[in-house]
Amino acid sequence: MANITVDGKTLEVKEGALLIEELLTNNINIPHFCYHPALGKDGNCRMCMVEIEGQKRPQIACDTPIKNGMIIRTKGANIDRVKRSILELELINHPIDCPICDQAGECQLQNYYMDVGLYESRLSTPKVHGQKHVDLGANVVLDQERCVLCTRCVRFTKNITKTDELGVFARADHSVISTFPGQPLKDPYAMNVVDLCPVGALTSKDFRFHKRVWFLQTEEAICNRCARGCSLYVDHHKEKYKDEMIYRYRPRFNDKVNGYFICDTGRLSYTYENENRNFHPMIRGKESEYEYAEGKLLRLVKRNIGKTLFVISSDLSLEEMVRIKALATMYDAQISAYEPNRFDEHFGDDFLKCNDLSSNARALPLVGIEDHYEGFALGIDKAELIVFIGRSDSGLLKDFSCTTKSIAIVYGYQPEVNEGLELLLPITSHTGRAGTFINCDGIVQFSQCAISHNSEHKKLLELLAMLIGDTLFTCSDVWNEIVCKIECFKELKFDELPKNSQKICL
Amino acid sequence: MGLKIVKREGKSFKDRIYLPAILSGMMITLGHFLRNLRDTSNIKTMNYPEEQPQDITARYRGVHRLTKREDESVRCVACFMCATACPAECIFIEAEERNDGVDEKMPKVFTIDLLECVFCGACVEACPCDAIRMDTGIFTFVAQKREDFLLTKDKLLSFEAKKEDA
């Protein structure tokens, strides 16, 4: 440990650590482009200048190891003048096309210019021009003119994905980021360079021109694309006279799960939340009122006491599973979570992606729900009513003789086939309800995102409370009443989960 | 505490029969009528709409228009600054990629709902490209249906700046 003084305040920090790391952890604003906690220091942008007592000139905070007794100044006229000069240099050939730049609003250049810049341009010679809207592949668009050459993207492909697609080409003023000829960006994590880029040089083709970022509202969620359960930010906005739309997913830092990154498949899975959400309840192929369809489900379940099979998805949250278990006990029904397509051998890799595509299958044994084929087949034989919850793959039943059985689907997305169904009841989709998920390493995370849409679709927990006939409508109700009594969750505190995901032994 | 005694008016016989007051009022009206009959140019009202107002200045905030570049293409780059600044939230924009080499971005949809607009001019102030102005001099906009008050991009581009009368 070392004691340093920053702007007159004494801080206790780690000796030998990088100065910028400790300053940023202590919420001290240090402008920087090239430093990123996942990529380390590079020392090329010179933006993070601080004054250190005893040193003749200002030093960069990102490449200065901490020594005991350092006295540091990050503010003041002197250091602002240095920062302004460096910013002026960074901006010399910048096209200043903020009106058409997608980064505007979350651009570090803009922010720093408003903080310490605000100068008149002194450039008398023409600006050096680069290529604009270059398609690098993998949904990444490059604007060479806006680039400040911090090389975060280059270091990402070099150190993190180890694919080395990007590099800095040419010299001096003409230096540009580009790919090698005939070798576009194509690694499955490539879109992370868009988040890494502190300016508008790398933008996402998928998000390009769809929304100005200052309109977006951000919620915290968990990705449900695979068993990793990466932490996400969900950026959404409700335009006037329109329904809520999700515009993008961004990685949310979580050192226990995904670090600073997510895979492109997970990032683009937001489209599914927008497209298949709006559909109506159907009873025997006819559109129905929501309340009537709800009542129909209750009647169906009541009529088939002892003869019901709940086929649940392993993507349901822990709370929902616990409640379905309670529902099944109440109506003497069977539950199966058998999913033949749960594993995809081609999806996983050694970084974040997992072959197991189920976001919460680890919770099944903890709650006491079986997912093997035998239980599923046996359950179907005995059942008169088969209710699919959180999934719509009723095609599974075609190997069984189910002509006399009633089939119901309770799902958040429009099913591809809805013929031969007794009931189709929509519920809110993944980002429409909160819930707890357990990832492949046993990390328990709480997904808070519950975006409410114009539709009348209920959350599954509300629906289950109606079926069971009690008032456990929210996740915290279910935790306090049931989950906290399950052995492996006894140690966990529900209130702390959103901020701090915790590991349990599976 | 001093008291002020206010004299009550209208108690006299002349006041109570009303007629002298009414007659004097009608004399004033008759005077104005005869004066206006002799010199019609002095009348403060106008025969709108046959007669149009002549005092619409260049700074008057009329119906909006979208300006054009030298090559007659739309100047707007769909940066959404106007929609952001708009207090009535009456500007609806959808952006799209522009591939003609002039610029990168342009509006696919640019609609102003005149029924919601409060004609404050914040959009004009906010525009970084001088792409929206309110200098058409159109002070009244008439339509039969609510939908017709939605000014689309084409309509906004078709308006011209008001010509200054020499």
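Where a number appears in this text, it was derived from the coordinates with a stated rule and is not lab data. Because the structure is a prediction, the values reported are computed rather than measured. Note: ideal-geometry Cβ built from the backbone for every residue, glycine included; neighbour counts use all protein chains shown.
Some notes on this structure:
- Where only DSSP H runs of four or more residues are counted, chain A gives -6000 deg cm²/dmol as its mean residue ellipticity at 222 nm, each run worth -39500 (n - 2.57).
- Amide H to amide H distances under 5 Å link A:Ser178 with A:Gly167, A:Phe169, where only residues 5 or more positions off or on other chains count and H is placed in the peptide plane.
- Structural descriptor for the range B:65-158: relative contact order 35 percent, calculated from alpha carbon pairs under 8 angstrom and at least 6 residues apart.
- Rounded to the nearest 5, the antiparallel percentage of DSSP beta bridges internal to the protein assembly as shown is 75%.
- In sequence order, the range A:242-251 has phi-based couplings of 10, 8, 3, 10, 9, 9, 6, 10, 10, x Hz under the Karplus curve 6.51 cos²θ - 1.76 cosθ + 1.60, θ = phi - 60°, and Gly or Pro positions carry x.
- Amide H contacts of B:Lys105: B:Arg98, each under 5 Å away and 5 or more positions distant or on a separate chain (H built 1.01 Å from N in the peptide plane; Pro and chain starts excluded).
- Reach of A:Lys14 by Cα under 19 Å, taken over lysines that are not fewer than 8 positions away in the same chain: A:Lys41, A:Lys67
- The share of alpha-carbon pairs in the protein assembly as shown lying farther apart than 40 Å comes to 51%.
- Contact order relative to length of the range A:38-173, as percent, for alpha carbon pairs under 8 angstrom and 6 or more apart: 20
- When only alpha carbons are used to place a centre, the range A:24-48 and the range B:41-67 end up 59 Å from one another.
- Karplus (6.51, -1.76, 1.60) ³J(HN,Hα), θ = phi - 60°, over the range A:108-120, in Hz, Gly and Pro reported as x: 5, 4, 4, 4, 5, 4, 6, 6, 10, x, 6, 10, 8
- 3J(HN,Hα) couplings calculated from phi for the range A:459-468 with the Karplus curve 6.51 cos²θ - 1.76 cosθ + 1.60 (θ = phi - 60°) are, in sequence order, 6, 4, 4, 5, 5, 5, 4, 5, 5, 7 Hz; Gly and Pro show x.
- Residues whose amide H comes within less than 5 Å of that of A:Phe310, counting only those at least five positions distant or on another chain, are A:Gln334, A:Ile335, A:Ser336, A:Val387 (H built at 1.01 Å from N in the peptide plane).
- Based on C-alpha pairs under 8 angstrom that are at least 6 apart in sequence, the range A:214-367 has a relative contact order of 23 percent.
- Restricting the chymotrypsin sites (Phe, Trp or Tyr not before Pro) of the range A:223-264 to loop positions (DSSP other than H, G, I, E, B) with no more than 13 neighbouring Cβ atoms within 10 Å leaves A:Tyr241, A:Phe253.
- Look at the stretch A:91-104: the mean tally of other chain Cβ atoms within 10 Å of its residues' Cβ atoms is 3.
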